[in-house]
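Down below is the structure, laid out as structure tokens.
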Amino acid sequence: MKWKSRNLRELANIICGDADHFHYRSSTYITEFFQDCDLEFVHDGSTRRIWVAERLEEVLAMPHTGPSSPPDAFVRIIRSVLDKGEAQDGDPDRSAALSAINIVLAREGWEAFYDNHGVGQLRHIATNTIAQPANPHRPLTPAESTRRDQLIVYLEKCSEDELIEEILLPLFRQLGFHRITAAGHKDKALEYGKDIWMKYTLPTLHVLYFGIQAKKGKLDSAGMGKEGSRNIGEILNQVTMMLGHEIFDPEFNRRVLVDHAFIVAGGEITKQARNWLGNHLDATKRSQIMFMDRDDILNLFIVTNLPLPNGALPPVKDAFSFDEDIPF
């Protein structure tokens, strides 16, 4: 990522606290700020604003996955600058600080905001993608673990359509996929082996098309699907149909084939099921298949900080209700 020098200097002023509504940082505290962001930068005593601008330029040059996903270190910097614990007099909710930093970020196509937990987030304006370190295998915080448990309960009771509409569609939008279209289950004749099709634009502006075959329960390789599970043999014909059937992309006004297929399960996808499907597909089609089971869905959904579906939220107690077990 390459930013204009003017915007780097203004963001450096904000970090140094030389702008209104932001915490002032001397040389020592600037070093501590970057250490809190997991960066080993030590201020050398030179002009703070210039030195910080140079470090920001280094951070923006770090590896990242695409134009709508800045380096993880930059996301941590924005979150630290917007820490609500550093609220200044006259700006208790940090709304003025948020407005000030957004003037700078908007020039480069970004917008900062606070999520439901009061944590600063960064959104790419053009794609509406939220940029954040989203490692699904990192340890979860206690609050995230609680939300994960609530989502597990929801996956146990939701229908296949609810899995698609309430979980998968928001998740893939959040991950940067677009033109996401759900076939639904009302008109089976129009599915052609897929529940969802979508596309992803690479940094080179090439477009890849994806199909999703979603099942609510466990996928196994048993001879007959047991209660709460689906036989992987049922998926084979649907995957073959998905990869061989064209879809119409109205943005380009042409028909295209699906490049890759996701097999998504709200339960476990057993190792035997994965191996069975791989053995029954030729080498070309085998490379097009990707699997997502319950753990993948849970971890991705939580670390991307998506709001839980209404059915996964704990019930709100009526303020005027009484516990029947309490004697009067």
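Calculated mean residue ellipticity at 222 nm for the chain: -10500 deg cm²/dmol, from DSSP H runs with n ≥ 4 weighted as -39500 (n - 2.57), summed, divided by the residue count and rounded to 500. When you count the other C-beta atoms within 10 angstrom of each residue and take the mean per peptide, 41-52, 73-84 line up highest first as 73-84, 41-52. As a calculated quantity, the FRET efficiency between Thr146 and Asn253 at R0 = 45 Å, using C-beta atoms, amounts to about 0.45.
Rounded to the nearest 10 degrees, the inclination of helix 232-244 to the longest alpha-carbon principal axis of the chain is 70 degrees. Of the peptides 109-117, 11-19, the ranking by mean beta-carbon count within 10 Å, highest at the top, reads 11-19, 109-117.
Distance between the modelled labels on Leu236 and Asp36, one decimal in nanometres: 5.8 nm (7 Å Cα→Cβ projection).
What nm value, rounded to one decimal, do you get for the distance between Ile103 and Thr181 when each label is placed 7 Å out toward the C-beta? About 4.4 nm separates the two model spin labels. Of the listed pairs Lys199/Lys285; Lys216/Lys271; Lys215/Lys285; Lys157/Lys285; Lys4/Lys84; Lys199/Lys271, which have alpha-carbon separations greater than 24 Å here? From Lys199/Lys285; Lys216/Lys271; Lys215/Lys285; Lys157/Lys285; Lys4/Lys84; Lys199/Lys271, over 24 Å: Lys157/Lys285; Lys4/Lys84; Lys199/Lys271. Rounded to the nearest 10 degrees, the inclination of helix 142-157 to the longest alpha-carbon principal axis of the chain is 20 degrees. Restricting attention to the chain, close to 60% of DSSP beta bridges with both partner residues there are antiparallel.
Relative to the longest principal axis of the Cα atoms of the chain, the long axis of helix 294-303 lies at roughly 20 degrees. Please say if the stretch 5-131 is rounded, prolate or oblate, where rounded means a/c under 1.5 for a ≥ b ≥ c the square roots of the C-alpha gyration tensor eigenvalues, and otherwise the choice is prolate for a/b larger than b/c and oblate otherwise? Oblate, because a/c is 1.5 or more while a/b does not exceed b/c.
Take the Cα of Glu54, step 7 Å toward its Cβ, do the same at Asn310, and the gap between the two points is 5.6 nm.
In this calculation the C-beta distance from Ser95 to Gln288 is compared with R0 = 45 Å, giving a FRET efficiency of 0.40. Taking a ≥ b ≥ c as the square roots of the eigenvalues of the Cα gyration tensor, the stretch 139-180 is oblate, since a/c reaches 1.5 or more and a/b is not larger than b/c. Could you tell me which of rounded, prolate or oblate describes the stretch 142-312, using a ≥ b ≥ c as the square roots of the eigenvalues of the alpha-carbon gyration tensor, with rounded for a/c under 1.5 and, failing that, prolate when a/b is larger than b/c and oblate otherwise? Verdict is oblate for the stretch 142-312. Take every DSSP beta bridge whose two residues both sit in the stretch 142-312; close to 50 percent of them are antiparallel.
All of the numbers you see were taken from the coordinates with simple rules; none came from a lab. As the structure is a computational prediction, the values presented were derived from the model and not from experiment. Glycine gets a Cβ as well: all are built from the backbone with ideal geometry, and neighbour counts include every protein chain shown.
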